[in-house]
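Novice: Quick one: structure below, then a few questions.
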Amino acid sequence: MVKRKTPMLDELEKGKWPSFVSDIKQEAESRNETDVDLQTPKEVCDDLLDLLELSFKDREGHWKHGGIAGVFGYGGGVIGRYCDRPEEFPAVKDFHTLRVNQPSSYFYRTEFLRKICELWERRGSGLTNMHGSTGDIILLGTTTPQIEEIFWELTHNLKQDLGGSGSNLRTPNCCIGKSRCEFACYDTQEACRNLTMEFQDELHRPSFGYKFKMKFDGCPNGCVASIARSDMSVIGTWKDDIRIDQEAVQAYVAGEFKPDGGGFAGRDWGPFDIVKEVIDLCPTHCMAWNGKKLGINNRECNRCMHCINTMPRALRIGKETGASILFGAKAPILEGAQLSTLTIPFMRMEEPFNEIKELVGKIWDWWSEEGRSRERLGELMQRKGFAKFLDVCGVKADPRMIKEPRSNPYIFWKEADIPGGWERDIKDFRKRHQK
Amino acid sequence: MGAEEDKKLIIDTLKGKKTKTKFYLKDFNNMFPERRPREVSKLVNEMVAEGLLEYWSTGSTTMIGLKGAGIQHETEDSDQ
Ligand code: HEM
Ligand code: HEM
Ligand code: SF4
Ligand code: SF4
C-alpha cells in the first residue's frame, strides 16, 4: 500500500466531529482489500485525497467545472467533473457525480441499500452522499465509460431513475408526511410522486433558463425546508379550527403529559408553564388560558405550529386541510438568499392534482418567456413585481400575502380595476416627476 | 416552417457564431420569437437525441452547442 502524505487533510480528522477525510481514507483502505471486480481505478480515493492536499497546498482548485457527461436521451442527472492534472492523478481524471432520484421520504429496504452500495463500489468510487442537499441519492465519482453501464443497472436491476441537474426541473422532494406524521395536512408522498411522474420530461431534459425546484412539506414545521429551498414550496395547512381536547390540556398543565413529546428533556426546565411556554409565545397572540380552559381565536392564528408541537395530545390540526403554495425561494448569487412568497393561500391537494399542475404550467410559460438566462423564478418575480406574478397565476392580491399594510406596497391599481377609472396626463406628471 | 427547416435554421445560426460554441436555451428561443419557449426546448432536446446538438452542463446550469464543437470540458462561458 502507498504511504499517503496528506498533513493538511489530516488536520481535518482532529476533533470530535465526523470527518470526510476519515471517510475517504476508510474507503481507500477498503478498495485495496476488496475482491470485488472493480470497473473503476482502485486508487480513486487515494488520488482524490492527494489532489485535495495539492489544492490546499496550492490554494487553488484542481477541478474543471462542468462538461458533457450524461446518458443518452437525458440532459440531467450526471454532473461532469474532470481533474485538471490528469497525468499525476489518473484515477480521478474523470470523477462524475450521479444524482439518483430518491424514494419519497427515504424509505428503503436494507436489500436496496446493499445493492446500491455494491453497484457503486464496483462501478464508482464507493463514496456516496445520503442524501445530497437536493434530496437525491448522490453517487460521487465515476469514469465516463461507466455512466451508461450504471444507468442500465440502476433502471433495470434497482428500478431507480436518475434525478435532475442543470437547467431542469430538479428531483422533487417531500417530508415523511402521512406515512408517519400526524401533522401532515395532505399526502406529501403522493403529491411528490404524482408531480414527479407528470413532469418526467422537464426532470430529464433541460427545459428552462435555469433550475426549478419543488418541495412538499406536510405542515408549516417544514421538515424539507421547502420555504427556503424550492422555487415552489407546497406547505400543508388547514382552513378551519385547531381541534382542542380540553382534558388533555389539563393533563399537560398537571404534568401528566410531557410537553413537546418529551423533547428538550436534557435539562431541568421546571414544571410545565402553559402561559409562559405556549400562550405568550403564540406569535399572533391569539390564545388565552384562564386556568381551566384554553381558547384560540382561530381567525388570527397563522398556523405557526408552536402550540400543536408543544401539546400534540391536546391540540390537533383542523379537518379541512390542504396546502399553501409559495414561490421564489433561492440561495444567494444575485441579491442574497430569499424565502418563498405566499401566492396561493389555500389549495386542496388531492389526486389527480390538476389545479397545481395547471398553475405550474402557467408559471413555467411566463418564466420561460420573460426570464433571463440563469434567472431564478424568485429573481424574475422581484424584477417584474409581485402584482405581475399574481396576474400570471390568475389570482387576486389578498391581505394574507403581505406581512403588514403599507410596508410592502407592491399593489398597483389599474384603471380598469377602479370604478369610474381615472384620467392622468403623463406629460403633466413628468413635469413634476423625473424618470 | 417544417421541423427540418427549423433544425437547419438552428444549425446554420450556431455555425454562424464565430466566437461562441455554447448557448443558453434563451438563445434558441430568440431564433423563434413567434414560438412558445417550451416548444423550442422540445425541438432542441429532440436534436440532442438525434445527435445534432449536445448538452454541456456545470451541474448547475445547462448549455447547448453543436455536437463536438468547442471545448468538451472546461470553464463555463461566463457572459450572459
Ligand atoms: C468554488 C467551487 C465550487 C462551486 C461554487 C460549486 C458550486 C456548486 C453548486 C452551485 C452546486 C449545486 C448545483 C445545483 O444543484 O444546481 C454544486 C453541486 C455539486 N458540486 Fe460543486 N461547486 C464547486 C466545486 C466543486 C468541486 C471541486 C466538486 C468535485 C470535485 C464539486 C462537485 C459537486 C457535486 C458532486 C455537486 C452535487 C452535490 C449534491 O447534489 O448534493 N463542486 N456545486
Ligand atoms: C464561492 C463559493 C460558493 C458559491 C458561489 C456557491 C454557490 C452556491 C449556489 C448558487 C448554490 C445553489 C443554491 C440554490 O439555488 O439551490 C449552492 C448550493 C450549495 N452549496 Fe454552495 N457555493 C459556494 C461554496 C460552497 C461551499 C464551500 C460549500 C460546502 C463546503 C457549499 C455547499 C453547497 C451545498 C451543499 C449546496 C446545495 C444546497 C441546496 O441544494 O439546497 N457551497 N452554492
Ligand atoms: S413537515 Fe409537518 S407533516 Fe411533514 S414530517 Fe414535518 S411535521 Fe410532519
Ligand atoms: S399555531 Fe401558532 S399562531 Fe396558531 S394558535 Fe398555535 S401558537 Fe398561535
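The values are calculated or read from the model by the stated rules, or taken from the named source; none is laboratory data. Just so you know, these numbers come straight off a predicted model, no measurement behind them. Every residue, glycine as well, gets a Cβ built from its backbone with ideal geometry; the counts of neighbours run over all protein chains shown. The protein model used for the area step is the full one, side chains on, heavy atoms only, and it has no ligands, DNA or RNA in it. Shrake-Rupley method; radii C 1.70, N 1.55, O 1.52, S 1.80 Å.
Novice: Please indicate, with yes or no, whether at least one residue in segment A:141-157 is within 12 Å of ligand 1 (Cβ to nearest atom) and either in a loop (DSSP other than H, G, I, E, B) or more than 14 Å from chain B (Cβ to nearest Cβ) (or both).
Specialist: Yes, segment A:141-157 contains at least one residue that is within 12 Å of ligand 1 (Cβ to nearest atom) and either in a loop (DSSP other than H, G, I, E, B) or more than 14 Å from chain B (Cβ to nearest Cβ) (or both).
Novice: To continue, here is another question. Hey, does segment A:324-332 have a residue that's away from ligand 4 (no atom under 16 Å from the Cβ), assigned to a strand (DSSP E or B), within 30 Å of residue B:40 (Cβ to Cβ) and modelled with pLDDT under 95?
Specialist: Yes; the residues of segment A:324-332 include at least one that is away from ligand 4 (no atom under 16 Å from the Cβ), assigned to a strand (DSSP E or B), within 30 Å of residue B:40 (Cβ to Cβ) and modelled with pLDDT under 95.
Novice: Sticking with this structure for a sec: Spot the failing condition for residue A:40; the list is (1) within 14 Å of another protein chain (Cβ to nearest Cβ); (2) among the polar types (S, T, N, Q); (3) over 28 Å from the mean Cα position of the chain (by Cα), and only one is missed.
Specialist: (1)
Novice: Count, please, the residues in segment B:3-46 that happen to be in a helix (DSSP H, G or I) and among the charged types (D, E, K, R).
Specialist: Of the residues in that region, 13 qualify.
Novice: Here's a follow-up. Just to be sure before I move on: is residue A:288 in a strand (DSSP E or B), more than 26 Å from the chain's Cα centre (by Cα) and surrounded by fewer than 17 Cβ atoms within 10 Å (Cβ to Cβ) in the structure I sent?
Specialist: Yes; evaluated as a whole, the condition is true for this residue.
Novice: Checking residue A:338 against (1) open to solvent by 20 Å² or more (accessible area, probe 1.4 Å); (2) more than 14 Å from chain B (Cβ to nearest Cβ); (3) under 30 Å from residue A:394 (Cα atoms); (4) more than 16 Å from ligand 2 (Cβ to nearest atom): exactly one of these is not met. Which one?
Specialist: (4)
Novice: Another question, if that's okay. Is it the case that some residue within segment A:191-202 is under 30 Å from residue A:296 (Cβ atoms) and either outside any loop (DSSP other than H, G, I, E, B) or more than 14 Å from every other protein chain (Cβ to nearest Cβ) (or both)?
Specialist: yes
Novice: I've got another one for you. Can you tell me which residue within segment A:167-177, out of those that are out of contact with any Cys (no Cβ under 9 Å at 6 or more places or on another chain) and not hydroxyl-bearing (Ser, Thr, Tyr), is nearest to ligand 4 (Cβ to nearest atom)?
Specialist: So, considering only residues that are out of contact with any Cys (no Cβ under 9 Å at 6 or more places or on another chain) and not hydroxyl-bearing (Ser, Thr, Tyr), the one nearest to ligand 4 (Cβ to nearest atom) is A:170.
Novice: Oh, and also: If only one of A:175, A:181 is within 14 Å of the chain's Cα centre (by Cα), open to solvent by 10 Å² or more (accessible area, probe 1.4 Å) and at pLDDT 95 or above, which one is it?
Specialist: Only one candidate qualifies: A:175.
Novice: Same structure, new question: Residues that are within 14 Å of another protein chain (Cβ to nearest Cβ) and of a type in the set (Lys, Arg): does segment A:388-401 have at least one?
Specialist: So far as segment A:388-401 goes, no, none of its residues is within 14 Å of another protein chain (Cβ to nearest Cβ) and of a type in the set (Lys, Arg).
Novice: For segment A:307-330, state whether one or more residues are more than 14 Å from chain B (Cβ to nearest Cβ), surrounded by fewer than 16 Cβ atoms within 10 Å (Cβ to Cβ) and of a type in the set (S, T, N, Q).
Specialist: no
Novice: Name the pairs: first residue in segment A:205-219 and within 14 Å of chain B (Cβ to nearest Cβ), second residue within 16 Å of ligand 3 (Cβ to nearest atom) and in a loop (DSSP other than H, G, I, E, B), Cβ to Cβ under 7 Å, at least 6 apart or on different chains?
Specialist: Once the first residue is within 14 Å of chain B (Cβ to nearest Cβ) and sits in segment A:205-219, its partners that are within 16 Å of ligand 3 (Cβ to nearest atom) and in a loop (DSSP other than H, G, I, E, B) give A:213/A:230.
Novice: If you don't mind, another one. Within the group A:74, A:108, which residue is modelled with pLDDT under 95 and away from ligand 2 (no atom under 16 Å from the Cβ)?
Specialist: A:74
Novice: Being closer than 30 Å to residue B:33 by Cα, more than 20 Å from the chain's Cα centre (by Cα), more than 14 Å from chain B (Cβ to nearest Cβ) and more than 16 Å from ligand 1 (Cβ to nearest atom): is that true of residue A:354 here?
Specialist: Here the answer is yes, as residue A:354 does meet what is asked.
Novice: Still on this model: Can you tell me which residue within segment A:220-245, out of those that are charged (D, E, K, R) and touching an Asp or Glu at 6+ places or on another chain (Cβ under 7 Å), is surrounded by the fewest Cβ atoms within 10 Å (Cβ to Cβ)?
Specialist: Across segment A:220-245, the extreme among qualifying residues is A:240.
Novice: Now for a different question. Criterion first (out of contact with any His (no Cβ under 9 Å at 6 or more places or on another chain), part of a loop (DSSP other than H, G, I, E, B) and within 14 Å of chain B (Cβ to nearest Cβ)) does residue A:135 satisfy it?
Specialist: no
Novice: Could you tell me whether residue A:217 is more than 16 Å from ligand 1 (Cβ to nearest atom) and surrounded by fewer than 24 Cβ atoms within 10 Å (Cβ to Cβ)?
Specialist: no
Novice: Are any residues in segment A:120-131 buried (at least 20 other Cβ atoms within 10 Å of the Cβ) and under 15 Å from residue A:160 (Cβ atoms), and if so, which ones?
Specialist: Once the filter is applied, which keeps residues that are buried (at least 20 other Cβ atoms within 10 Å of the Cβ) and under 15 Å from residue A:160 (Cβ atoms), segment A:120-131 yields A:120, A:123, A:124, A:128.
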